[in-house]
Amino acid sequence: MLGVSVNGFGTIGKRVADAVSAQPDMTVVGVSKRSPNHEARSAAEAGYDLYAADPDRVGEFGERDIPVAGSVGHMLAASDVVVDATPAGVGESYREQYADHDVAVVYQGGEDASVAPNSFCARANYDLSVDETATRVVSCNTTGLARAVTPLDEAYGVESVDATLIRRGGDPTQTDRGPINDIVPDPVEVPSHHAPDLRTILPGIDVTTTGVTVPATLMHLHSVTVSLDADPAASEVRERFEAEPRLQLITTASGCDSCADIQEYARDIGRPRGDVWENCIWADSLDVSDGRLTFFQAIHQQADVVPESVDAVRALAGTAAAGESRDRTDEALGVGM
Ligand code: NAD
């Protein structure tokens, strides 16, 4: 049984903790919080041992009747693997502490790629992280692109990827973000930072990405064009995508015409927090002309990196091969809508 801790019980951390606790071969050693807010209370109520990230604030937890089991150091000492889900850039500051406790670490995509020997997407390059001391799960957008491009590259060879990423302005609770009434090239520079990030996973592929931020919190929407080394029928590509558990084909006939429809469906079928772990690819948008494949996909930014983080734990621990880990994760979570 792998002992896993989660440093930073926020948007990603709480989802990873729940996903880890659903795995038959893992247990949650504990989770950490800096502030004694409602997330700290919900962690305690979910039965997780809660550790204080800031020793100077332990008293504040007590004042609010939120039990604390110790410091982050205590949590790390009892863990085989820690998933770092602290805010972007903070993970790096823990690097030395993780090494001192001899604990393997899964970082998230807000960290610079140099934080770990490799970046990680379970479908693309799991093996590179096997038995390593650290890896970095790439961002939600990069994960979505890597998952879709990898099977295409295996089947046909991919010459280039051009993607426009229509990005949500913020997560639902990020009320300080925006825009609230604008459509913003973000970043204005081309390519956006997503292209170099995707190359950390698929180094041989020519990638151009552009980003646009819109007033929405639900999901990201990608408009993707892939130049293939072959000219398959669209129906064949559809079948290849259908064979990938983390790619979900959506038909307009189902009435799922928008990101809001997808989220509503996820809530209706009882997904925890309405999470959509899969890339949602509109089947009707799939078209191939002279080897140029186009499609739209929706990516739930709060959820798609969660199964990847679970697989990254197994890769670092060396306890399962890539396919076996993905199957185990998907079965425990119920991936596939
Ligand atoms: P978040 O702000 O929702 O959660 C971060 C948590 O870390 C909070 O609970 C906060 O209290 C805690 N924290 C703050 N400082 C800490 C410290 N020094 N030590 C321990 N805990 C601390 O952030 P998030 O959105 O969950 O992002 C976490 C990581 O995941 C980032 O690298 C981010 O780029 C990446 N990511 C985020 C999303 C997304 O859409 N939210 C998607 C993919 C990847």
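A few comments on the model shown:
- Residues (in contact with a helix residue (DSSP H, G or I) (Cβ under 9 Å, 6 or more places away or on another chain) and either more than 16 Å from residue 77 (Cα to Cα) or near the ligand (Cβ under 10 Å from one of its atoms) (or both)) located in the range 30-40: 31, 32, 33, 34, 35, 36, 39, 40
- Listed by first and then second residue, the pairs linking a residue in the range 5-18 that is small (Gly, Ala, Ser) to a residue that is part of a helix (DSSP H, G or I) and near the ligand (Cβ under 9 Å from one of its atoms), with Cβ atoms under 7 Å apart and 6 or more places separating them unless they lie on different chains, are 10/39.
- Residue under evaluation residue 219, criteria (1) loosely packed, with under 13 Cβ neighbours inside 10 Å; (2) in contact with a helix residue (DSSP H, G or I) (Cβ under 9 Å, 6 or more places away or on another chain), criterion not met: (1)
- Whichever residue in the range 326-337 is surrounded by fewer than 24 Cβ atoms within 10 Å (Cβ to Cβ) and part of a helix (DSSP H, G or I) and, among such residues, is nearest to the ligand (Cβ to nearest atom): 333
- Residues that are buried (at least 24 other Cβ atoms within 10 Å of the Cβ) and in a helix (DSSP H, G or I), drawn from the range 284-305: 305
- Within the range 250-263, the set of residues being within 19 Å of the chain's Cα centre (by Cα) and not β-branched (Val, Ile, Thr) comprises 259, 263.
- The lone exception for residue 54 - which of (1) more than 11 Å from the ligand (Cβ to nearest atom); (2) modelled with pLDDT under 95 it fails: (1)
- Selection from the range 161-173 of residues that are more than 18 Å from the chain's Cα centre (by Cα) and under 13 Å from residue 213 (Cβ atoms): 164
- Taking the criterion of being within 19 Å of residue 275 (Cα to Cα) and not aliphatic (A, V, I, L, M), the residues of the range 300-317 that qualify are 300, 301, 302, 304, 307, 308, 309, 311.
- Per-region count, the range 286-337, residues touching a strand residue (DSSP E or B) at 6+ places or on another chain (Cβ under 6 Å) and without any contact (Cβ under 8 Å) to a residue 24 or more places away in the chain: 0
- For the range 3-29, the tally of residues that are away from the ligand (no atom under 12 Å from the Cβ) and surrounded by 19 or more Cβ atoms within 10 Å (Cβ to Cβ) stands at 7.
- Filtered by the rule that a residue be surrounded by 17 or more Cβ atoms within 10 Å (Cβ to Cβ), of a type in the set (S, T, N, Q) and touching a strand residue (DSSP E or B) at 6+ places or on another chain (Cβ under 8 Å), the range 228-271 gives a lone residue, 248.
- Candidates 175, 150 - the one that is of a type in the set (S, T, N, Q), outside the structural domain of residue 54 (by TED's automatic domain parsing) and within 13 Å of the ligand (Cβ to nearest atom): 175
- Once the range 64-110 is narrowed to residues that are surrounded by fewer than 18 Cβ atoms within 10 Å (Cβ to Cβ), away from the ligand (no atom under 11 Å from the Cβ) and among the acidic types (Asp, Glu), the residue that is farthest from the chain's Cα centre (by Cα) is 65.
- Residue in the range 275-283 that is modelled with pLDDT of 95 or more, hydrophobic (A, V, I, L, M, F, W, C), in contact with an Asp or Glu (Cβ under 7 Å, 6 or more places away or on another chain) and in a loop (DSSP other than H, G, I, E, B) present: yes
- In the range 166-191, the residues that are without any contact (Cβ under 8 Å) to a residue 24 or more places away in the chain reach residues that are of a type in the set (S, T, N, Q) and outside any loop (DSSP other than H, G, I, E, B) with C-beta atoms within less than 6 angstrom, at least six apart or across chains, in these pairs: 190/210; 191/208; 191/209.
- Test: residue in the range 222-245 that is outside the structural domain of residue 325 (by TED's automatic domain parsing), part of a strand (DSSP E or B), among the hydroxyl-bearing types (Ser, Thr, Tyr) and under 21 Å from residue 301 (Cβ atoms): yes
- Test for residue 20: is it closer than 20 Å to residue 302 by Cβ and assigned to a helix (DSSP H, G or I): yes
The values are calculated or read from the model by the stated rules, or taken from the named source; none is laboratory data. Just so it is clear, the model here is predicted, and its values are computed rather than measured. All Cβ positions, even for glycine, are placed from backbone atoms using ideal geometry, and neighbour counts span all protein chains on display.
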